[in-house]
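Participant: Have a look at this one.
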Amino acid sequence: MKTNDFVEISPISSFFTCFILSLLFVLLLYIWPKISSGKLLILNRNDPIVIKTRIISTLTASIIATIIIGILTNKNQNLSNLIFDWNWNSIIRPVIITILLFSGPIGTYFFEPNNYYHSDFKNYFKTKFYLLKYDESYRWQSIRNLLFAPIIEEYYFRFCLLTILECSNPPFSFSMRLFLSPFFFGICHIHHLIQLIYYHQLPVTVAIIQTLLQLIYTTLFGGFVAFIYLKSKCLISCILIHMFCNWMGVPDVSELFQRRQMTKFNQAICRIVYCIGIAMFTLSIYYHNVVLNDQVLQA
């Protein structure tokens with residue numbers, strides 16, 4: 001993506017455009033009307049009605065961001081080429097890197113007694129299909145977490161905001177773009193504090209701690225996918241990574257020290273798998289960042 005493909009704007013204008021779009025993304029979630037059973041329905045993010053309305057809100061924000069990108073894009077540049085410019089190399093490698101990071105959690109499934117992988121495999125998926133079919137709340141949570149959230153958030157925070165940052169003249173450095181993208185992504189999750197306090201009725205201190213922890217791991221995740229996008233310019237790989245991470249959830253390392261049903265040998269194996277996975281993930285990131293340049297990654 002070349003700089004002359006876009007209308008050049010100042011770094012301050014570029015930053016504040018991204019900041020305003022980030023605020024817009026959150027504010028549009030709260031424009032819908034109230035009230036269910038004496039509580040604000042809008043604060044229950046897992047209610048099917050809230051999920052549907054928030055999908056509409058985020059799609060609206062994405063359309064607005066796309067219009068801004070269209071204004072900044074020169075007429076001789078096809079916007080669709082920027083979104084769908086990909087090849088199999090730029091998809092497969094980042095996804096494999098991500099799977100390596102989750103080697104530990106994946107490995108523990110095979111060593112945990114009474115796990116569905118080796119004792120209740122069929123029943124596990126029957127339960128999931130049953131819930132998808134008959135439980136509307138579970139169905140819409142799955143649709144949100146595994147489909148709409150990865151697609152919309154990656155398009156919005158990776159493609160749209162990073163594209164706007166690339167329009168600045170003088171341009172933001174790679175490191176600055178790698179910092180700003182997860183920064184915008186992270187602060188957009190702070191609004192969950194409202195739900196924790198007013199809907200779940202948590203003490204303010206506990207709610208703040210939970211929100212800060214969420215801010216940390218969403219920012220770290222945002223930094224990782226921003227790195228992948230900046231290196232490969234492949235939005236599809238970022239979406240697939242987001243889907244996979246939402247499906248796996250945040251790895252719970254404490255489980256390695258709390259499991260009582262595992263033998264000590266299996267527990268030791270799981271710890272080794274965790275370490276190997278993290279080491280291979282780190283080496284893979286180093287390999288793509290230092291050994292491979294952008295042209296090789298896209299080849």
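Participant: Using the structure shown, decide if TYR198 is over 22 Å from SER13 (Cα atoms), in contact (Cβ under 8 Å) with a residue 40 or more places away in the chain and surrounded by fewer than 15 Cβ atoms within 10 Å (Cβ to Cβ). Break it down stepwise before answering.
Facilitator: Values: over 22 Å from SER13 (Cα atoms): yes; in contact (Cβ under 8 Å) with a residue 40 or more places away in the chain: yes; surrounded by fewer than 15 Cβ atoms within 10 Å (Cβ to Cβ): yes.
Criteria met by TYR198.
Participant: Also: Just the residues that are in contact with a strand residue (DSSP E or B) (Cβ under 8 Å, 6 or more places away or on another chain) and either at pLDDT 95 or above or surrounded by 12 or more Cβ atoms within 10 Å (Cβ to Cβ) (or both), please, taken from segment 1-14. Let's see the steps before the verdict.
Facilitator: Here is the first cut: in segment 1-14, the ones in contact with a strand residue (DSSP E or B) (Cβ under 8 Å, 6 or more places away or on another chain) are 5-11, 13-14.
Hits for segment 1-14 are ASP5, PHE6, GLU8, ILE9, SER10, PRO11, SER13, SER14.
Participant: Taking segment 258-288 as the search range and keeping residues that are modelled with pLDDT under 65 and surrounded by fewer than 13 Cβ atoms within 10 Å (Cβ to Cβ), which one is nearest to PHE102 (Cα to Cα)?
Facilitator: GLN258
Participant: List the residue pairs whose Cβ atoms are under 7 Å apart, where the first residue sits in segment 219-236 and is modelled with pLDDT of 90 or more, the second is small (Gly, Ala, Ser) and surrounded by fewer than 24 Cβ atoms within 10 Å (Cβ to Cβ), and the two are 6 or more positions apart or on different chains.
Facilitator: Note: pairs meeting the criteria are THR219/GLY186; GLY222/GLY186.
Participant: Out of curiosity, is ILE164 surrounded by fewer than 21 Cβ atoms within 10 Å (Cβ to Cβ), out of contact with any strand residue (DSSP E or B) (no Cβ under 6 Å at 6 or more places or on another chain) and in contact (Cβ under 8 Å) with a residue 24 or more places away in the chain?
Facilitator: no
Participant: Name the helices (runs of 4 or more DSSP H) wholly inside segment 144-215 in which the number of residues that are more than 29 Å from ASN44 (Cβ to Cβ) is 3 or more. Please lay out each step first, then the result.
Facilitator: Values: elements: 149-153, 161-166, 174-187, 192-198.
In segment 144-215, the matching helices (runs of 4 or more DSSP H) lie at 161-166, 174-187.
Participant: Another question, if that's okay. Among the helices (runs of 4 or more DSSP H) lying completely within segment 21-140, list those that include at least 3 residues that are at pLDDT 85 or above.
Facilitator: Numbers: elements: 48-72, 79-83, 88-101, 103-111, 121-134.
Per the criteria, 48-72, 88-101.
Participant: Hey, does segment 142-161 have a residue that's among the hydroxyl-bearing types (Ser, Thr, Tyr), at pLDDT below 90 and surrounded by fewer than 20 Cβ atoms within 10 Å (Cβ to Cβ)? Please lay out each step first, then the result.
Facilitator: Narrowing segment 142-161 to residues among the hydroxyl-bearing types (Ser, Thr, Tyr): 142, 155-156.
So of that shortlist, the ones also at pLDDT below 90 come out as none.
Within segment 142-161, none of the residues are among the hydroxyl-bearing types (Ser, Thr, Tyr), at pLDDT below 90 and surrounded by fewer than 20 Cβ atoms within 10 Å (Cβ to Cβ).
Participant: Sort out which residues of segment 167-195 are buried (at least 18 other Cβ atoms within 10 Å of the Cβ), closer than 19 Å to VAL26 by Cβ and aliphatic (A, V, I, L, M), and write them in order of number.
Facilitator: Passing the criteria: LEU180, LEU193.
Participant: Residues in segment 237-251: is at least one under 18 Å from ASN87 (Cα atoms), polar (S, T, N, Q) and modelled with pLDDT of 80 or more? Walk me through it before giving the result.
Facilitator: Kept after step one, since they are under 18 Å from ASN87 (Cα atoms), are these residues of segment 237-251: 237-241.
From what is left, the residues that are polar (S, T, N, Q) are 237.
From what is left, the residues that are modelled with pLDDT of 80 or more are 237.
Checked against the condition, which is being under 18 Å from ASN87 (Cα atoms), polar (S, T, N, Q) and modelled with pLDDT of 80 or more, segment 237-251 yields at least one hit.
Participant: May I ask you to list pairs of residues, at least six apart or on different chains, whose Cβ atoms are under 6 Å apart, with the first in segment 47-61 being under 18 Å from TYR199 (Cα atoms) and the second being at pLDDT 90 or above?
Facilitator: Once the first residue is under 18 Å from TYR199 (Cα atoms) and sits in segment 47-61, its partners that are at pLDDT 90 or above give PRO48/TRP140; ILE51/TRP140; ILE51/ARG144.
The values are calculated or read from the model by the stated rules, or taken from the named source; none is laboratory data. All figures in this text were calculated on a predicted structure; none of them were measured in a lab. Neighbour counts are summed over all protein chains in view; Cβ atoms, including those assigned to glycine, are modelled from backbone coordinates with ideal geometry.
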